[in-house]
Each structure stands twice: as structure tokens, then as C-alpha cells.
């Protein structure tokens, strides 16, 4: 049995292919940001979360305000041989019209070719911080997105992230931020090279 081509089906397939190729091109274009994490005017460089295969700007962003590739946070256990702590301070801003969630579990660090999740050590600078609902400007009275989250305005931070990384502290490191700003599986992680 032979399938007949329907002109409308050809258009739909072409449109799907165009969207897919555009998403791939944007993904390849949005490789890790330059290691200089300050903007041209001397302030922090903001890195925006993207939704829908990276095609849409969520207007929810982070800025790295401080990074220590070989940190020694007080009160943390001595790392195993060939490992070290990496601490990264991040600020959040929400310029969207929706509430956004700032959470430490939305981050990972790629170091020594391995993806690392945050290390939490209670009672230290590496303690797990509370998830925060960032409200759009002027909408602090809106119902919370997450009832257990700290209710804050459009800005939050700095918040410290700690990672236990292997290899050399001078090796290439990339912070990966993957907040929940899109429909399931359609978000595009934001990557920032740690300078």
C-alpha cells in the first residue's frame, strides 16, 4: 500500500524541522559564557534562563558575584585527596510577569569532566538555603508558587553554592543552571564558565 502525500502534511513536517533546526542552532550558539563575569559597565553579567528549547527568554536571571575555585569554607570536612571545594555566590532577579523559584538544587557544576551537585553542610557557609519565590515587581501579594518557599520580591541573593570537585582548581569549570521555567523537558539549561 502506498501512502499519498498530503500538501498540508508537507508544510507541517517542514515547520517542525525548521523549529528543530532553529533550536539546535541556538543551543550551539549558547555555549558557556565568557569567563569574564562582569558586564561592560563593571556590574555583574546576568545570565538568563530560557524556555521552549532555548527560544524564549524567561526574564529570570542569575549573576555570579563571587567564585572561589579552591575554597576552604569554615566548618566543612576536609575534602578527600584530589578534591577541593568550589564556592559560587549567585544573585537572582525576576523581570518576568510570573513568579519564579530560586532553588539550590537547580544548579550543578561540571568540573574534571564530571557533573557535580551542590554539597550541603549544615551550620556552615555550605548550608542548604531555603527555596525562594521571586515575585514580579509590584506583585508581592500574589499567592505563593511554592507554599514552603521564602516569599521575596523580584531580587534575591547573594546565595552561596558549594561543590566538592575533583581535579585541579585551575581546570575548566562550568556552572549549569536549570530552573523550572518551561513545560516539562522543554527548558534549556543556562551555562556559565567559571573564571
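Taken together, the values in this text are just the output of simple stated rules run on the coordinates, not laboratory data. A quick note: this is a predicted structure, and the numbers were derived from the prediction, not measured. Heads up, the Cβs are rebuilt from the backbone with ideal geometry, glycines too, and the neighbour counts pull from every protein chain shown.
By counting other Cβ atoms within 10 Å of each Cβ, how are 50, 83 ranked from fewest to most?
83, 50
Which of rounded, prolate or oblate describes segment 118-171 when judged by the alpha-carbon gyration tensor and an a/c cut-off of 1.5?
Here segment 118-171 falls in the prolate category.
What percentage of all Cα-Cα pairs in segment 71-127 are separated by more than 17 Å?
Across segment 71-127, Cα pairs with separations above 17 Å total 50 percent.
Could you order the peptides 103-110, 116-123 from most to least packed, using the average number of other C-beta atoms within 10 Å per residue?
103-110, 116-123
Using a 7 Å offset from the Cα along the Cα-to-Cβ direction at both residue 148 and residue 103, what is the distance between the two label points in nm, to one decimal?
Once both label points are built, they end up 0.9 nm from each other.
Would you please calculate the Kirkwood hydrodynamic radius of segment 90-195 over all C-alpha pairs and express it in Å, rounded to one decimal?
Result for segment 90-195 stands at 15.0 Å.
Arrange the following residues from fewest to most other Cβ atoms within 10 Å of their Cβ: 66, 159.
Fewest-to-most ranking of 66, 159: 66, 159.
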